[in-house]
Each structure stands twice: as C-alpha cells, then as structure tokens.
1. I'm trying to understand the selection: among the residues of region 90-106, which are at pLDDT 95 or above and among the aliphatic types (A, V, I, L, M)?
2. State whether one or more residues within region 85-101 are free of Cβ contacts under 8 Å to residues at least 24 places away in the same chain and at positive phi.
3. Pick from 90, 80: which is surrounded by fewer than 18 Cβ atoms within 10 Å (Cβ to Cβ), farther than 21 Å from residue 9 by Cβ, charged (D, E, K, R) and touching a strand residue (DSSP E or B) at 6+ places or on another chain (Cβ under 7 Å)?
4. Scan region 90-106 residue by residue and report those that are in a strand (DSSP E or B), out of contact with any Gly (no Cβ under 7 Å at 6 or more places or on another chain), of a type outside the set (S, T, N, Q) and within 23 Å of residue 36 (Cα to Cα).
5. List pairs: first in region 70-83 and free of Cβ contacts under 8 Å to residues at least 24 places away in the same chain and in a loop (DSSP other than H, G, I, E, B), second surrounded by 17 or more Cβ atoms within 10 Å (Cβ to Cβ) and not charged (D, E, K, R), Cβ under 6 Å, 6+ apart or cross-chain?
6. Being touching a helix residue (DSSP H, G or I) at 6+ places or on another chain (Cβ under 6 Å), in a strand (DSSP E or B) and modelled with pLDDT of 95 or more narrows it down to one of 44, 87, so name that one.
7. From the list 37, 65, which residue is surrounded by fewer than 16 Cβ atoms within 10 Å (Cβ to Cβ) and free of Cβ contacts under 8 Å to residues at least 40 places away in the same chain?
Amino acid sequence: MAAPALADTVYSTVMEDLPLMQGMSERPDDTTVFDNPNGRIIEFSTQTSESTAAVKDFYAQTLPPLGWKAADATHFVREKEELKLDFNKKGDATIVHFSVTPAKGK
C-alpha cells in the first residue's frame with residue numbers, strides 16, 4: 001500500500017501533523033490535549049472499518065517521511081516525542097487510540 005498523495009491526505013484536527021487513513025474518522029469525545037514544560041501530551045481516538053494490520057501498514061509507510069522513526073509497529077519516536085497506537089475492536093470497527101507524550105529520557 002503506497003502512502004497517499006498529499007492532495008488526498010486528510011490530517012487530524014487534534015494533531016495537525018498526523019495524517020488520517022482514508023475512511024478514518026476522529027472520535028471527538030475521546031480527546032485530551034495538554035502542554036507542559038516537558039512537552040505536549042495528546043490523546044485521541046479514531047474509528048475505521050479497516051483491519052488493525054492495514055492501519056499499522058498505513059502508519060509504517062506514512063510516518064517515516066514525516067520524521068517519525070519506528071521503534072516497533074505501534075511505537076514511533078520523533079525528536080522529543082513518542083507516538084503510540086493502541087487498537088480495540090468495536091463490532092466491525094477498529095478503534096485506534098493515538099497517544100503522544102514526551103520521549104523518555106529526553
């Protein structure tokens with residue numbers, strides 16, 4: 001699966017530099033944004049009909065060009081931040097929880 005063309009890319013309204021997979025929608029009632037002296041803390045969830053494997057593949061291809069380095073399939077590091085993805089199933093939907101925190105030891 002190729003990374004989407006920039007013209008087709010939709011970005012998160014919570015984390016403006018995070019692209020959303022096509023068909024993914026944010027869950028606005030599940031959002032926390034907090035800035036502190038050590039960095040920002042952002043937590044939000046999205047919903048998609050795609051599989052967990054498809055979501056992991058999308059972000060494995062999409063995040064590195066944006067400066068994120070994969071620590072594993074659900075954990076990325078960029079500068080002084082960590083991005084983690086957690087997955088849950090709700091009926092036919094895949095719920096993806098994104099969490100950005102200051103990187104440990106930075």
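1. 93, 95, 96, 100
2. yes
3. Numbers: 90 fails: touching a strand residue (DSSP E or B) at 6+ places or on another chain (Cβ under 7 Å).
After ruling out the rest, the residue left standing is 80.
4. At the first step, the residues of region 90-106 found to be in a strand (DSSP E or B) are 90, 93-102.
Narrowing the set further to residues that are out of contact with any Gly (no Cβ under 7 Å at 6 or more places or on another chain) leaves 90, 93-101.
Then drop every residue that is not of a type outside the set (S, T, N, Q), which leaves 90, 93, 95-98, 100.
Once the filter is applied, which keeps residues that are in a strand (DSSP E or B), out of contact with any Gly (no Cβ under 7 Å at 6 or more places or on another chain), of a type outside the set (S, T, N, Q) and within 23 Å of residue 36 (Cα to Cα), region 90-106 yields 97, 98, 100.
5. Going by the 6 Å Cβ cut-off, the qualifying pairs are 74/85.
6. Working: 44 fails: touching a helix residue (DSSP H, G or I) at 6+ places or on another chain (Cβ under 6 Å).
Within the list 44, 87, the selection yields 87.
7. Details: 65 fails: free of Cβ contacts under 8 Å to residues at least 40 places away in the same chain.
So the residue among 37, 65 that is surrounded by fewer than 16 Cβ atoms within 10 Å (Cβ to Cβ) and free of Cβ contacts under 8 Å to residues at least 40 places away in the same chain is 37.
The values are calculated or read from the model by the stated rules, or taken from the named source; none is laboratory data. Just so it is clear, the structure is predicted and the values come from calculations on it, not from any experiment. A quick note on method: Cβ atoms are made from the backbone with ideal geometry, for glycine too, and the neighbour counts reach across all protein chains shown.
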